[in-house]
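This is the structure I want to talk about, given as structure tokens.
The values are calculated or read from the model by the stated rules, or taken from the named source; none is laboratory data. None of the values given here were measured: they were computed from a predicted structure. So basically every Cβ, Gly included, is an ideal-geometry build from the backbone, and we count neighbours across all protein chains shown. Please note that ligands, DNA and RNA were not included when accessible areas were found on the heavy atoms of the full protein model with its side chains. Shrake-Rupley method; radii C 1.70, N 1.55, O 1.52, S 1.80 Å.
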Amino acid sequence: MTLRLSCLMVAGMALLTGLSACTTQQRHAWLTVFFEGVPPLEGAPQRAAAGNVAAAPVSNAAPVRVTNSIPILPHAPYIQHKCDTCHSPERPREMKGTQQDICYPCHTNVLTSLKVRHFPAQKWLCLSCHAPHLSPVAKLLREPVTTLCYTCHDSLDEKNYVHDPVKRGLCLACHTPHQSQYPGLLKQTGDSLCLGCHKPEAMEAAAGHAGIGDRKCLQCHDAHQSGKKGRLK
Ligand code: HEC
Ligand code: HEC
Ligand code: HEC
Ligand code: HEC
Ligand code: HEC
Ligand code: HEC
Ligand code: HEC
């Protein structure tokens, strides 16, 4: 799997040069990471805009003005007008510091001592996935998980045999978004990940399972997709 690194590097460096390497969708996704006011793409779910409070004194601003029927879920410090926990009190349009400076004091549990960390979380690019003020998607996500992961990762839903939870975009059935104690950001290690949903009795009938012995599921099956029936490798 190759990663859409061109886009990621752009995000990491917070530069706009080089954006031409990305598709319109990705470009938009990355632009909105750094510029809240970027208008929504045609056909994209309408995101809540904070622009309508820009002109008002920060501490007196009405934080949520909903102009359509999409429910908007606010971030606690935003709805509570704690604007200057993130914004510079002197220059309200500027941030007080880096994302790590801003997010960490209130969210010390997101990255703990677990050794496997998701690259954008490790780099404190929290806003590549989360909106700071409001979102129509739970957990302040910029997009539903079904599309969020594919803004950086190549599609896992292209071959003839796609695993049912992958097809449905349920990445978080197996992966964690920030950190994990297991390689691959997995929620479980080895066969127990698979046996959380598959019962050995129900699998016994399948041809390949006569002599599995101590061979691991992933020796024969791909976790996501394959061109071969049974998603065999
Ligand atoms: C959790 C941190 C956080 C809080 C709390 C917060 N903001 Fe923001 N705000 C941000 C971030 C991050 C951005 C995007 C900045 C960027 O990408 O450069 C932003 C952007 C903005 C912008 C620029 C948006 C635009 O469309 O140009 C305005 C205006 C703004 N915030 C106002 C407010 C007001 C008013 C409050 C309090 C009601 C508030 N913010 C509370 C983090 C926060
Ligand atoms: C002043 C403290 C404060 C700051 C700063 C802050 N948060 Fe939060 N955040 C909160 C609180 C409080 C909640 C609600 C927690 C809860 O319900 O358990 C929350 C919830 C969240 C949630 C979950 C929302 C949900 O609907 O469950 C996300 C995601 C989040 N914050 C991301 C961020 C990011 C990213 C930053 C940095 C840009 C940030 N926060 C900065 C206090 C803060
Ligand atoms: C790759 C995308 C991604 C990045 C980067 C990311 N998050 Fe998240 N975050 C998520 C997703 C997805 C969820 C929802 C998890 C769920 O529903 O089980 C989430 C949930 C949360 C929550 C709610 C509590 C929880 O753990 O479920 C908080 C708080 C949070 N993130 C803060 C942060 C902070 C702070 C950073 C930066 C260090 C960050 N996130 C970086 C995707 C991301
Ligand atoms: C902002 C870009 C971005 C987003 C969004 C994103 N990822 Fe990643 N992800 C990365 C990068 C960069 C790496 C590191 C790639 C590498 O090491 O080759 C990575 C690595 C991974 C890995 C491998 C981790 C390891 O240690 O082997 C998994 C699994 C993963 N991502 C799952 C997800 C899932 C699930 C989502 C959606 C919730 C998601 N990613 C969203 C950028 C992203
Ligand atoms: C049924 C569980 C499961 C689901 C659902 C799942 N994954 Fe995975 N994923 C895995 C396993 C297991 C690995 C480790 C593969 C290995 O070691 O051979 C992995 C590895 C990865 C990697 C690391 C690179 C690679 O291909 O090995 C990325 C990135 C990734 N998954 C992204 C995603 C995204 C995005 C989704 C949602 C569209 C998703 N995964 C859904 C189980 C799952
Ligand atoms: C979140 C639940 C879940 C997890 C975890 C899970 N699966 Fe599945 N798996 C499914 C569902 C649902 C189907 C479709 C079942 C059906 O069609 O009867 C499926 C089907 C399959 C199939 C049949 C071929 C196919 O693609 O339809 C294989 C093989 C398979 N899974 C292997 C695995 C392996 C190996 C793992 C561990 C990496 C795993 N599964 C983890 C839910 C899961
Ligand atoms: C020695 C290789 C091998 C190993 C190891 C293996 N499988 Fe399979 N599995 C197969 C073959 C071959 C099939 C039949 C594929 C087909 O033709 O549809 C199969 C079929 C399946 C099916 C579909 C069953 C059905 O109803 O048709 C599931 C689910 C499955 N395997 C899950 C697993 C899980 C979970 C593990 C780990 C506990 C595992 N497999 C380990 C080779 C293997």
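With a sphere of radius 14 Å drawn around the Cβ of T176, what net charge do the other residues whose Cβ falls strictly inside it have (Lys, Arg +1; Asp, Glu -1)?
+4
Can you compute the FRET efficiency between K139 and T112 using 1/(1 + (r/R0)^6), with r the Cβ-Cβ distance and R0 = 25 Å? Round to the nearest 0.05.
Taking R0 as 25 Å, the efficiency between K139 and T112 is 0.85.
Could you please state how large a percent of the accessible area of segment 138-179 is carbon and sulfur, counting protein chains only and using a 1.4 Å probe?
Answer for segment 138-179 is 61 percent, counting heavy atoms of protein chains only.
Follow-up. Which of the pairs K187/K228; K115/K228; K123/K228; K123/K199; K82/K167; K139/K228 have their Cα atoms more than 31 Å apart in this structure?
Long pairs (Cα-Cα over 31 Å): K115/K228; K123/K228; K123/K199; K82/K167; K139/K228.
Let me ask you something else. Grab the alpha carbons of segment 97-166, take their convex hull, and tell me the volume per residue in Å³.
Cα-based convex hull of segment 97-166, divided per residue, equals 126 Å³.
Cβ neighbours within 10 Å, averaged per peptide: list 197-209, 116-128 in order, most packed at the top.
Ranked from most to least packed, the peptides come out as 116-128, 197-209.
Full-extension gain between A173 and D157, please, as 0.36 nm times their residue separation minus the C-alpha to C-alpha distance.
Gain in length upon complete extension: 4.2 nm.
Under the rule of at least 5 residues apart or a separate chain, name every residue whose amide H is placed under 5 Å from the amide H of H221.
Residues meeting the amide H criterion: K233.
Can you compute the FRET efficiency between K228 and L195 using 1/(1 + (r/R0)^6), with r the Cβ-Cβ distance and R0 = 22 Å? Round to the nearest 0.05.
With R0 = 22 Å, the Cβ-Cβ based efficiency is 0.50.
While we're here: Tally Lys and Arg at +1 and Asp and Glu at -1 over the other residues with C-beta under 10 Å from the C-beta of N160: what net charge comes out?
Residues near N160 contribute +3 overall.
Choose one of L170, P132, L114: the residue whose Cα lies farthest towards the positive end of the charge dipole of segment 101-233 (beta-carbon charges +1 Lys, Arg; -1 Asp, Glu; about the Cα centre).
The Cα lying farthest towards the positive end belongs to L114.
Continuing with this model, one more query. Determine, at each q value in 0.22 (inverse angstroms), the log₁₀ of I(q)/I(0) that the Debye formula gives when each Cα of segment 161-231 is one equal point scatterer.
Treating every Cα as an identical point scatterer, log10 I(q)/I(0) equals -1.14.
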